[in-house]
Amino acid sequence: MRFDLHTHHERCGHAYGRMEDYIEQALELGLDAVGISDHCPSFDDLQDHPTPRLKMAKSAFPEYVQEALRLKAKYQGRIEVLIGVESDIIAGRIEAYAKEYDRYPFDYIILVWLSGFLPLKFWSSLIITRSRSHSGRTLIVRSI
């Protein structure tokens, strides 16, 4: 199976193109599946959009999910569109993110564990592994 689960689009502030552009490109490349996984908002920050060149605004998140769901339905039968998000995880702040993610039907979440969160004996630079979340969704974890 050929797939790409790590995509970003214009909402994150450092990528170009619409979600649908990435789906169309995946079709042109003959992929079997494509994941929508833009950078999540800073749910643990009081500001709506504290890092506009890195992440989407909190106010844009519901629209992001709705657009992904619409495109998943539109392309059904042509390519599998998976809905995800790339999420920074910082010690002591997980609850704010988990609360938001549990509100949406994500197929996967890419977690970026920031320095100091996990014991070094278990992780080296850029290890990729899989685990299961409390809700049963697959998590793709990247430690840096």
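The values are calculated or read from the model by the stated rules, or taken from the named source; none is laboratory data. Only a predicted model underlies this, so the values are computations on that prediction, with no experimental measurement involved. Glycine gets a Cβ as well: all are built from the backbone with ideal geometry, and neighbour counts include every protein chain shown.
Here are some notes:
- Identity of the residue in region 43-70, polar (S, T, N, Q) and either under 24 Å from I23 (Cα atoms) or at pLDDT 90 or above (or both), that ends up nearest to the chain's Cα centre (by Cα): Q66
- For region 99-122, taking the residues that are in a helix (DSSP H, G or I) and modelled with pLDDT under 85, the one that is farthest from E24 (Cα to Cα) is identified as K121.
- Every residue from region 5-33 that is touching a residue at least 12 places away in the same chain (Cβ under 8 Å) and over 25 Å from A57 (Cβ atoms): A26, L27, L29, G30, L31, D32, A33
- Residue match in region 26-35 (condition: of a type outside the set (F, W, Y) and closer than 20 Å to V112 by Cα): yes
- Restricting A73, A96 to residues that are in contact with an Asp or Glu (Cβ under 9 Å, 6 or more places away or on another chain), in a helix (DSSP H, G or I) and over 14 Å from D38 (Cβ atoms) narrows the list to A96.
- If the condition is being of a type outside the set (A, V, I, L, M) and loosely packed, with under 14 Cβ neighbours inside 10 Å, then region 17-43 contributes G17, R18, D21, E28, G30, D32.
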